[in-house]
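Okay, structure first, notes after.
The values are calculated or read from the model by the stated rules, or taken from the named source; none is laboratory data. Predicted model only: the values in this text are computed from it and were never measured. Here the Cβ positions follow ideal geometry from the backbone for every residue, glycine too, while neighbour counts run over all protein chains shown. Keep in mind that these areas ignore ligands, DNA and RNA; they rest on the heavy atoms of the full protein, side chains included. Shrake-Rupley method; radii C 1.70, N 1.55, O 1.52, S 1.80 Å.
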Number of protein chains: 4
Amino acid sequence: MERIGLGLIGSGFMGMAHAFGFAIAERVFDLPYKLDFAVMADATDALAKTAQERFGFRESTGDWRALVADPSVHMVAITTPNALHKEIALAAIAAGKHVYCEKPLGLTSEETEEMAHAAAAAGVVTQVGFNYICNPMVVLARHMIRSGELGDIVNYRGVHAEGYMLDPATGWNFRFEPLGGGVLADLGSHALATAEFLLGPIDEVFGDCRTVYPTRLSRDGTPVPVKVDDITCAQLRFARGCGGSMEASWLAAGEPMGHTFHVYGTKGAISFTQERLNELRHYSCADPEGRHGFRTILAGTEHPPYGDFCVASGHQLGFNDIKAIEVKGFLDAIAGRQAEPMGFGWGHRIQVLTDTIRASSRAKAWTNVPPTAFRPK
Amino acid sequence: MERIGLGLIGSGFMGMAHAFGFAIAERVFDLPYKLDFAVMADATDALAKTAQERFGFRESTGDWRALVADPSVHMVAITTPNALHKEIALAAIAAGKHVYCEKPLGLTSEETEEMAHAAAAAGVVTQVGFNYICNPMVVLARHMIRSGELGDIVNYRGVHAEGYMLDPATGWNFRFEPLGGGVLADLGSHALATAEFLLGPIDEVFGDCRTVYPTRLSRDGTPVPVKVDDITCAQLRFARGCGGSMEASWLAAGEPMGHTFHVYGTKGAISFTQERLNELRHYSCADPEGRHGFRTILAGTEHPPYGDFCVASGHQLGFNDIKAIEVKGFLDAIAGRQAEPMGFGWGHRIQVLTDTIRASSRAKAWTNVPPTAFRPK
Amino acid sequence: MERIGLGLIGSGFMGMAHAFGFAIAERVFDLPYKLDFAVMADATDALAKTAQERFGFRESTGDWRALVADPSVHMVAITTPNALHKEIALAAIAAGKHVYCEKPLGLTSEETEEMAHAAAAAGVVTQVGFNYICNPMVVLARHMIRSGELGDIVNYRGVHAEGYMLDPATGWNFRFEPLGGGVLADLGSHALATAEFLLGPIDEVFGDCRTVYPTRLSRDGTPVPVKVDDITCAQLRFARGCGGSMEASWLAAGEPMGHTFHVYGTKGAISFTQERLNELRHYSCADPEGRHGFRTILAGTEHPPYGDFCVASGHQLGFNDIKAIEVKGFLDAIAGRQAEPMGFGWGHRIQVLTDTIRASSRAKAWTNVPPTAFRPK
Amino acid sequence: MERIGLGLIGSGFMGMAHAFGFAIAERVFDLPYKLDFAVMADATDALAKTAQERFGFRESTGDWRALVADPSVHMVAITTPNALHKEIALAAIAAGKHVYCEKPLGLTSEETEEMAHAAAAAGVVTQVGFNYICNPMVVLARHMIRSGELGDIVNYRGVHAEGYMLDPATGWNFRFEPLGGGVLADLGSHALATAEFLLGPIDEVFGDCRTVYPTRLSRDGTPVPVKVDDITCAQLRFARGCGGSMEASWLAAGEPMGHTFHVYGTKGAISFTQERLNELRHYSCADPEGRHGFRTILAGTEHPPYGDFCVASGHQLGFNDIKAIEVKGFLDAIAGRQAEPMGFGWGHRIQVLTDTIRASSRAKAWTNVPPTAFRPK
């Protein structure tokens, strides 16, 4: 089996998730390649060295360009602050590497369009980390929608709510940058990816972006005006004809991981929350009289690839396991076993969607989503 | 103790709920009056007679005007189809009766304004049946919001979803009338009443009214075009400064009574569903480290007037019990013990809100809610 | 329609529930009789008078014997402390009254046998207040067991846990009396009634009665040794061949109304808690592959007599509504419309069961339940 | 850092969990050793070879003795059928290896005593795979009990219910062996380990072992009488003074992973189910009036070692992650960083407990648990 070299840039929250995702994928799945944990890069040599040891890489560097240039690196995983995504990704693409970048893919749709074009032109495989859609229960949800099991879909409600900016003392950081920041970029991108994964393309939106805390403190304690959204809601029109709504909030007390959706069809309904990622609630109108009710389907061996992790149902997958499934999709796409599950084209599209929602909110008008080269099925 | 005579018009779903609500209130509460179940009216003498016997009224009539004219009737409860509300209510007010009318109060805001004015001018006490807000757990929610226990409120999400129009074979009925019908009138009015009860006045809305089934069948099987909404979402701005959203749907599979809300504050959050009406979920940021989590508060003797129903906590109130609490508020207002809890002024205001949402949806624009004489605190 | 006179003795927790139960039943159901709320009795004239007014009785008395002797009283409801049950019930039976007594029926099985015999000899209708089994969802559970829908039943787990004795400062009261007291009498009787209602007769038990707080304080502050159980568990053998267990505790923090059961069959399983009395959780092995899961069935119009309370599903019944269903069963039995749903014969049997569990605990041995005249199907 | 060689015997359900657990532990934790995935053994060379490749071992063998003899193997993980545990473990101990064996440790308490003695005499570190107790939420539960946060514990209810033997067509396998089989060995051992982990030693038991299906089919279709338990309940007395109960069932429809417990104290209560392994439900009597209720604590960074897996709370650990925590404890014990978390001494003790419960069931008598060299704190 061929060996494929990984270069990972960034060792924070998502860097860690990538490292664990690759390590788990290597053990759990029948991958098309043997993994070589080649190079770990971070902001400094010291940080990179620490991460290298922790995550089991062969080498480390404080210079991401060295990583990109390393011939033993065949794929580059980018988990840096968002503002660096474009430069690194373009360099990696230019060097012929496959690229796996955390969301949001870039700061603007101009950036992401350039990135998607470059990748397509270079013929490399790309991936954006919309990891929630890799969950077997979300895949099951999609299947239930697409197969007609739920009938015609009449309504959708998707929310991604967390509470990590609730404390007013949380200081200014890159997520508050006017360009590319805000909850819509950070969490709304997930909500939109899940919505399109389940129901297909969104054609029109009406956005309502709200800033709740008008300032955040800089490191030296100066209040800096916040120009991004703390909470965003949007009305949605899907190309399939149904309507719905999405909401993103980072001011949601009590919801550390409130990525949720409800889908209502003419034959049933489903609901999901990432806080119970091994469960899908399902209501079937076909249940016998007097026996109707939402049932809690627990992830099990009937929901691939659960069985690769555990041969007994109901034992629970974790967040890092879902990341491993994401990794598998990327590697399978590189090997030509399947299409890109969520390539830069889709990452760009999500950026276009968030931009459109923001523009719609400013214009206070329903706004068509501009056409994108990639359009999810 | 003085005796007060009740005239009830209509013996369908809500007529039954009124009859039971008055009967339970009489036993459970220390009411200001002794109740006289005086006259029962329905569309025909026969229907009225049957209902009279079932509900324990002294007399019955197939002519609501006779009921209104009866001097032993001091208060008139109206549970007829919506199109009759205005005529009956105005007649009752003109006869000096107190009036208790099911929601929606009327078909248009012109109607409801006239009704509210007439009631105010006549000095009678009025009530509209927004019964969910009488639930002790909803009152607790309001208290937690108003007392500051949840901190500053940053977001609101209210939904009233049911599924009784999901079957495409459900034929045309008064709820599909272009004037005054649709899910916004039928269920959205509840969602809006709860929103204003909890958070105070809504000042601006953006509505998205959707018709999913373009036709319904008339009794003779002819398809009739549907001009009302099956599903409506709206973005909301509250006078208190926070934003939020509401949704009403009668196409929601699996939710027979999905009246729900989430309130997010800077010190905590709460959530509620009428399908578990004895529970309020509460998250407090003040909980000790490592011990945070949504707790399920069960209705009990600390949540008045629960203790009037049962001296032991956790034994559960039912839908009719909540209606009895509503009845108590009406009678207390008649006796001058408290202000009208939800008078025609508020009923009119809710009509204005639904009209504004509808108009906003047509105009595809954020729309200010016109001023109303009554404005909830 | 014939008029039937009610005499109610006791106006505490359960006296209130009886008064409300009769009042609701009168409005909600098509009863075989017209109710006459004849006489209210309590420990003193003053208490009785207050209760009379609150509960709408015609007369009151501080002497229960006067109530029993009153010819306008046709049925006597007893909600006094347990030690008085026997004397009052025997007097009422001797006077030819139908008798409706709260559980536990008596202090000892000698007492309850005498009561059951007397009732049978007199030909009056009797009832013991095992109200949880009147819940439509519990009736549904029984139906699912008896119809074979769950297959062969292989295991049962029933618990009745509450927390009202958890505070060590809770002083001595009649529930601590060595004769007839303890949690087994107070809550275990409910757990056993539900177990036999669902699965039929229990033939053999192994009891484990535990006293956790060795003393309770008398009114003057003297510690009195506690000779009754605070927590009792028992292993059970049902005549149908399956085994199971029951537990009763009044020291259960967090469970104001923890009457729960799990039933496991070869074709499915169900679980229930009285804290969500409108729900029955059901797992069906026959669900399609990958769609298995416990579903939450919400009480609705398909679960009689829910529809008598409300014509729309999912609106929730309350504790007093369940009591009204119990009342209906008693009245229907008096009218000969149905057999006694839970007569003194069963009340005696439950007493025998609790006595046997207590004896088994003392003997530390599996013990056969002695034969009883009444044996549930 | 020193390198430590792992030999894994068996590649079935638990062999896979071990392989994944070591792989995850290696990436997630700061382990005291560098792991060498040295030798994989299985029943045949071919099976071993396949597993070696899948799980990333250096070598493979169809002969476990070769693995034990290999000097590069420092620790032996045993996941074979139970009947082989003793022979392999004793050989490994004799060879000076540390041994990590799946539960149940052996077939009889004579076996396990010999194994525990041998390990102690040889001074090697041992571990038995009671993995549920490694869950941060179970560790939190223990802390809440031990720190006094829940007050005095008054009652315990532990259940391990699954449904994998529910189908009567499930044929005879090693779990039905009269010696060492049955649900008490297979699942009851987990329930007992959790009970003692939380509350300390059990001193006395009353067992009720039940065989529901009297025969199972052998491979050639012959019915073989079943001499082991399908469902076992036991009453328990803990050395700390409180009582409780346990139940084990492999006939529980709908519960793929029903490892649950309820702990009731004088200051609060907790409950847990492994089907939602990231949650601990907690009721605190100290909550403010009107705000009581079970809260759902979600695993997060305040619950070590959650933070090693993910820096954001609420993202969920999975079954294999819990196994990785178990692995870490074993390696830390080998390195002398901590005591054996669950060594052969405890494995033996659990065997003694299951034997005592079985003996008690046969004797139909409360039975003292014989003293064991190891006694959990």
With C:Leu107, C:Leu90, C:Leu84, C:Leu35 as the choices, which residue is of a type in the set (A, V, I, L, M, F, W, C) and at pLDDT below 95?
C:Leu107
Please enumerate the residues belonging to segment A:69-89 that are touching a residue at least 60 places away in the same chain (Cβ under 8 Å), in a helix (DSSP H, G or I) and open to solvent by less than 40 Å² (accessible area, probe 1.4 Å).
A:Asn82, A:Ile88, A:Ala89
Condition (residue is in contact (Cβ under 8 Å) with a residue 60 or more places away in the chain and β-branched (Val, Ile, Thr)) applied to segment B:157-178: is it met by at least one residue?
yes
Can you tell which of B:Leu251, B:Leu236, B:Leu187 is surrounded by 23 or more Cβ atoms within 10 Å (Cβ to Cβ) and part of a loop (DSSP other than H, G, I, E, B)?
B:Leu251
Quick check on A:Ile334: is it within 13 Å of chain D (Cβ to nearest Cβ), out of contact with any Ser or Thr (no Cβ under 6 Å at 6 or more places or on another chain) and β-branched (Val, Ile, Thr)?
no
Hey, does segment D:341-361 have a residue that's closer than 24 Å to D:Val263 by Cβ and within 13 Å of chain A (Cβ to nearest Cβ)?
no
Given the criterion more than 24 Å from A:His348 (Cβ to Cβ) and of a type in the set (A, V, I, L, M, F, W, C), identify the matching residue among A:Val228, A:Val224.
A:Val224
Return the pairs, sorted by first residue and then second, in which the second residue is surrounded by 21 or more Cβ atoms within 10 Å (Cβ to Cβ), the first residue lies in segment B:313-338 and is among the aromatic types (Phe, Trp, Tyr), the beta carbons are less than 6 Å apart, and the residues are 6+ apart or on different chains.
B:Phe319/C:Cys310; B:Phe319/C:His315; B:Phe319/C:Gln316; B:Phe330/B:Tyr100; B:Phe330/B:Gln127
Scan segment B:16-28 and give yes if some residue there is surrounded by fewer than 17 Cβ atoms within 10 Å (Cβ to Cβ) and either touching a His at 6+ places or on another chain (Cβ under 6 Å) or of a type outside the set (Ser, Thr, Tyr) (or both), otherwise no.
no
In the list D:Ala43, D:Ala38, which residue meets the criterion of being more than 11 Å from chain A (Cβ to nearest Cβ) and assigned to a loop (DSSP other than H, G, I, E, B)?
D:Ala43
Within segment B:190-212, residues open to solvent by 10 Å² or more (accessible area, probe 1.4 Å) and acidic (Asp, Glu) come out as B:Asp203, B:Glu204
Please enumerate the residues belonging to segment A:281-313 that are touching a Gly at 6+ places or on another chain (Cβ under 9 Å), farther than 28 Å from D:Gly12 by Cβ and more than 7 Å from every other protein chain (Cβ to nearest Cβ).
A:Arg281, A:Ser284, A:Ala286, A:Asp287
If a residue has to be of a type in the set (Gly, Ala, Ser) and either within 14 Å of chain A (Cβ to nearest Cβ) or in contact with a helix residue (DSSP H, G or I) (Cβ under 7 Å, 6 or more places away or on another chain) (or both) to count, how many in segment B:196-208 make the cut?
1
If only one of A:Ala286, A:Ala269, A:Ala363 is without any contact (Cβ under 8 Å) to a residue 60 or more places away in the chain and under 22 Å from C:Arg281 (Cβ atoms), which one is it?
A:Ala286
Test of understanding: among C:Ala92, C:Ala141, C:Ala66, which residue is among the aliphatic types (A, V, I, L, M), within 20 Å of the chain's Cα centre (by Cα) and part of a helix (DSSP H, G or I)?
C:Ala141
Filtered residues of segment C:1-15 (kept if within 9 Å of chain B (Cβ to nearest Cβ) and either open to solvent by less than 20 Å² (accessible area, probe 1.4 Å) or closer than 22 Å to C:Asn135 by Cβ (or both)):
C:Phe13
Which residues, taken from segment B:69-83, are under 17 Å from B:His18 (Cα atoms) and touching a strand residue (DSSP E or B) at 6+ places or on another chain (Cβ under 9 Å)?
B:Val73, B:His74, B:Met75, B:Val76, B:Ala77, B:Ile78, B:Thr79, B:Thr80
Looking for whichever is among the small types (Gly, Ala, Ser) and over 25 Å from the mean Cα position of the chain (by Cα) here; the options are C:Ser189, C:Ser218. Which one fits?
C:Ser218
Which residues, taken from segment D:221-263, are within 9 Å of another protein chain (Cβ to nearest Cβ), under 20 Å from the mean Cα position of the chain (by Cα) and within 21 Å of A:His315 (Cβ to Cβ)?
D:Glu247, D:Ser249, D:Leu251, D:Ala252, D:Glu255, D:Pro256, D:Met257, D:Gly258
Which condition number in (1) more than 14 Å from chain B (Cβ to nearest Cβ); (2) of a type outside the set (D, E, K, R); (3) farther than 17 Å from A:Met342 by Cβ; (4) in contact with a Pro (Cβ under 6 Å, 6 or more places away or on another chain) is the one that A:Ser189 fails?
(3)
